[in-house]
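Here the structure comes first, spelled out in structure tokens, and everything after it is commentary.
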Amino acid sequence: MENMQHIISNWLPIKLIESENEVYFEWLYLSDIPFAEPFFEETIAICSSHSYNLKRFKLISTAENLIDWSKELDFVELKGLVFHVSRCGSTMLSQSLAMSSENIIVSEAPIIDEILRSNFFDLHTKTVLLESVIRLLGQKRFPEQKNLIVKLDAWSIFKASYLRSVFPEIPFALLYRNPGEVLRSHQKMAGMHMVPNLIPSSVFGITSKEIQEISFQQYQALVLEKYFQGFLDFYEADSNIIMLNYNDGMKNVIERFICFIDVDFSENEINLMLERLKKHSKNENVAFVGDSYKDDILSVNLDEVNLLHEKLNANFIEDLAR
């Protein structure tokens, strides 16, 4: 047992590979590099330069290997899953939480999405794989680590009911923002999910009829509508959930999230988290000066998404009153 743990420690599956009707996982050595970058893939890029990862041959395993090996590690407790609509402060939330050395913050790890969207596994195997990958992501690599918090991809909201069946007791957070601000950010630099066909529209529940003769900008509004509706549907169906609103202020978002997941941090750690808000979420060397938008820049019909946003705000106010 001890020898196996030594072998697996600091290794992580990062990619699902389907080949000739078989599925495998590619692994990467993390060394002593923490998940400190804004996005999981940025940390992986740093780790890729380690000599173990520059070898000609990669470490590849079966799903069965992955499941077995995950049981050999000491891992921390999963404390919460964060769902978001993108460009809504989720990166700032994860970067602030990462200021505590007690936290392992995993931000949009592709391996989770690949398993969720894979059609290769039956439901039971998919569930066991997700549990195993979460354990591996939360492996205790440093003595002070106690908590694992996972920020999912925006489109993971459409898998929320399934994820609830996998993690029935884990707090889920839904983070959203004023739709005009979200869309203006994507018009400046569109995320992959806001570009038609980069991710199949069916992932968002968008039909071919809905996107006939629709503009690029209106497609982005439609995706956001689907996210908002997904939030509303899941909020109605689940009780272990909190609604977080970027426009309520990120200080309030962080404090409410910490309270919700029921983790005690020292006053110094909380101050470090709040201090992080003064810097840009994706670059801690740049001061955050805020952003704004004008409706006339959007050039899209916001009627439906604004209506859904009003419903989200009603739920948010209900949450505050609890």
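Miscellaneous remarks
Here's the yes/no breakdown for (1) touching a helix residue (DSSP H, G or I) at 6+ places or on another chain (Cβ under 8 Å); (2) of a type in the set (Gly, Ala, Ser); (3) in a loop (DSSP other than H, G, I, E, B); (4) in contact (Cβ under 8 Å) with a residue 40 or more places away in the chain:
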| residue | (1), (2), (3), (4) |
| --- | --- |
| 143 | no, no, yes, no |
| 160 | yes, yes, no, yes |
| 184 | yes, no, no, yes |
| 203 | yes, no, no, yes |
| 207 | yes, no, yes, no |
| 211 | yes, no, yes, no |
| 230 | yes, yes, no, yes |
| 235 | yes, no, no, yes |
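- Residue list for region 156-204, filter: on the phi > 0 side of the Ramachandran plot and in contact with a Gly (Cβ under 8 Å, 6 or more places away or on another chain): none
- Residue satisfying all of: in region 162-179; among the aliphatic types (A, V, I, L, M) and touching a residue at least 40 places away in the same chain (Cβ under 8 Å); surrounded by the most Cβ atoms within 10 Å (Cβ to Cβ) among these: 174
- For region 188-200, filtering for residues that are in a helix (DSSP H, G or I) and within 24 Å of residue 249 (Cβ to Cβ) leaves 1.
- Flag for residue 14 being within 29 Å of residue 93 (Cβ to Cβ) and touching a residue at least 60 places away in the same chain (Cβ under 8 Å): yes
- Matching residues, region 4-29, being surrounded by 13 or more Cβ atoms within 10 Å (Cβ to Cβ), among the aliphatic types (A, V, I, L, M) and either in a strand (DSSP E or B) or under 20 Å from the mean Cα position of the chain (by Cα) (or both): 12, 14, 16, 23, 28
Here, each number is a calculation from the coordinates, and none is a lab measurement. Please read all numbers here as calculations on a predicted model, not as lab measurements. No Cβ is skipped: glycine too gets one built from the backbone with ideal geometry, and neighbour counts run over all protein chains shown.
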